[in-house]
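Got a structure for you, questions after.
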Amino acid sequence: MLRTRVITTVIGIPVLLGVLFKGGIFWDTFFVLLGMFGLWEFYSMMRQKGFIPIVITGYLLLYLLAFYDRWGELGMVLLFLIFAMVVVGSVIKYPKINIADIALSLTGAIYLGGLLYYPIKITTLREPFLVILLVFLLTWTSDTGGYIGGRLLGKHKMAPHLSPGKTWEGAVGAIIFPIITAGCFSIMAMNNVNPAYILILGLLVGVTAQFGDLFMSSIKRYFEVKDSGWIIPGHGGVLDRFDSFLMAAPVVYYYFLFFIK
């Protein structure tokens, strides 16, 4: 398993960064595919629990939310049409599809589409590649710090009902590592920005990333699955690997928008 994880990481990270460095349609396509695979995993977990996802409507909602800015005034019209599809479809297919199916389906689409809006929106910032690179580095090192801290020092359980393996010692590591990473990144790639701002951002992402991870743990625990999927060898599914990133991207976007000009 460890060997598979390492191989996937060594191959996957350069490919990911290459795609994002190209930007434009490559950037958009990556995050659209990320959302589509993530929603497919969410709906697969729903089916395993006995729910019936409303697939087409969910994908339409995800795409609309992810690119909401680009629709202009048409966006609200499309949003109404999507909800109209939900209402009409639920009436026609009742009782095969019930309110629980609808609620969970829309939750998955809103969660992924609404959060993926931000890494796409990062393209409007100055030096977007450096910003998205920072998001990934901070979330990756937060995960790594949490793992190392938990393995070496972990004794006190943090959220046993959500994720029995999480400890407070691991949580500290998940905060310290991205702060260190932020400091190094500031020196190497953003020396025109006050380092204190980037260090604070590392702290914010270190905290936020853990909530993203725990939220996904709560979803998997509800659906009674260990991993959200299998598409990333050695790492599980898209939702397993990008849960922290999804919560961190909005924090980084707004932080750069308001504090780092």
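The values are calculated or read from the model by the stated rules, or taken from the named source; none is laboratory data. In this text, all values refer to a predicted model and were calculated from it rather than measured experimentally. Don't worry about glycine lacking a Cβ; one is built from the backbone with ideal geometry, like all the others, and counts go over all protein chains shown. The accessibility values were calculated without ligands, DNA or RNA, using every heavy atom of the protein model including side chains. Shrake-Rupley method; radii C 1.70, N 1.55, O 1.52, S 1.80 Å.
Putting +1 on Lys and Arg Cβ atoms and -1 on Asp and Glu Cβ atoms, find which of L34, F83, L153 reaches farthest to the positive end of the dipole of the chain.
L153
Of the options G58, P164, V131, report the single residue whose Cα projects farthest towards the positive end of the charge dipole of the chain (beta-carbon charges: Lys, Arg +1; Asp, Glu -1).
So the residue furthest toward the plus end is P164.
Also, quick follow-up: So, with a 1.4 angstrom probe, what is the percent of accessible area on the chain that is carbon and sulfur? Before the final figure, lay out each step's value.
Working: 9890 of 13690 Å².
With neighbouring chains kept in place, the figure for the chain is 72 percent.
Expressed in whole Å with the largest first, what are the equivalent ellipsoid semi-axes of the range 174-261 derived from the C-alpha gyration tensor as the square root of 5 times each eigenvalue?
Equivalent ellipsoid of the range 174-261: 30, 13, 11 Å, largest first.
If N is the number of residues in the range 140-224, what value comes out of its Cα radius of gyration divided by 2.2 N^0.38 Å?
That ratio works out to 1.20.
Can I ask one more? Can you tell me the accessible area per residue over the chain, all protein chains present, probe 1.4 angstrom, in square angstrom?
52 Å²
Compute, for the range 1-106, the length of the dipole vector about the Cα centre, with Cβ point charges of +1 (Lys, Arg) and -1 (Asp, Glu) only. Units Debye, rounded to 20.
So the magnitude is around 420 debye.
Given springs between every Cα pair under 10 Å in a Gaussian network model of the chain, which of T181, T124, T141 has the largest fluctuation?
Looking only at T181, T124, T141, the biggest GNM fluctuation is shown by T124.
Let's see if you can work this out: charge +1 on each Lys and Arg Cβ, -1 on each Asp and Glu Cβ, no other charges. What is the dipole magnitude of the range 134-261 about its Cα centre, in debye to the nearest 20? Kindly include the intermediate steps, with their values, before the conclusion.
Numbers: 9 positive and 7 negative charges, 34 e Å.
Roughly 160 debye, rounded to the nearest 20.
How far is helix 99-121 tilted, in degrees, relative to the longest principal axis of the Cα atoms in the chain, given as a value from 0 to 90 rounded to the nearest 10?
40 degrees
Please give the charge dipole size of the chain, origin at the Cα centre, charges +1 on K and R Cβ atoms and -1 on D and E Cβ atoms. Round to the nearest 20 debye.
Magnitude of the dipole: close to 420 debye.
Let me ask another. Expressed in nm to one decimal, what extension gain is obtained for the pair L79 and V10 from 0.36 nm per residue of sequence separation less their Cα-Cα distance? Write out the running numbers ahead of the final one.
Details: separation 69, 0.36 × 69 = 24.84 nm, distance 4.01 nm.
So the extension gain works out to 20.8 nm.
Specify the angular offset, from 0 to 90 degrees and rounded to the nearest 10, of the alpha carbon long axis of helix 168-189 from the longest principal axis of the alpha carbons in the chain.
The two axes meet at around 70 degrees.
Let me ask something else. Solvent-accessible area of I176, probe 1.4 Å, all protein chains present, reported in Å² to the nearest ten, please.
80 Å²
Follow-up question, since we're still on this one. Based on the mean of other Cβ atoms within 10 Å per residue, sort peptides 246-253, 14-21 so the most packed one is first.
The peptides rank, most packed first, as 246-253, 14-21.
Then there's this: Not counting ligands, DNA or RNA, and with a 1.4 Å probe, what is T9's accessible surface area in Å² rounded to the nearest 10?
50 Å²
Can you pull the percent of Cα pairs in the range 107-261 with separation above 23 Å?
Values: 4413 of 11935 pairs.
Beyond 23 Å sits 37 percent of the P(r) for the range 107-261.
Take the Cα radius of gyration of the chain and divide it by 2.2 N^0.38 Å, with N its residue count; two decimals is plenty.
Relative to the rule-of-thumb radius for its length, the chain sits at 1.05.
Quick check on packing: order 61-73, 200-212, 78-90 by the mean number of other C-beta atoms within 10 Å, highest mean leading.
Put in order of decreasing packing, that is 200-212, 61-73, 78-90.
Give the shape of the range 1-119 as rounded, prolate or oblate, defined through the alpha-carbon gyration tensor: a ≥ b ≥ c are the square roots of its eigenvalues, a/c under 1.5 means rounded, and otherwise the shape is prolate if a/b is larger than b/c and oblate if not.
Oblate, since a/c reaches 1.5 and b/c is not below a/b.
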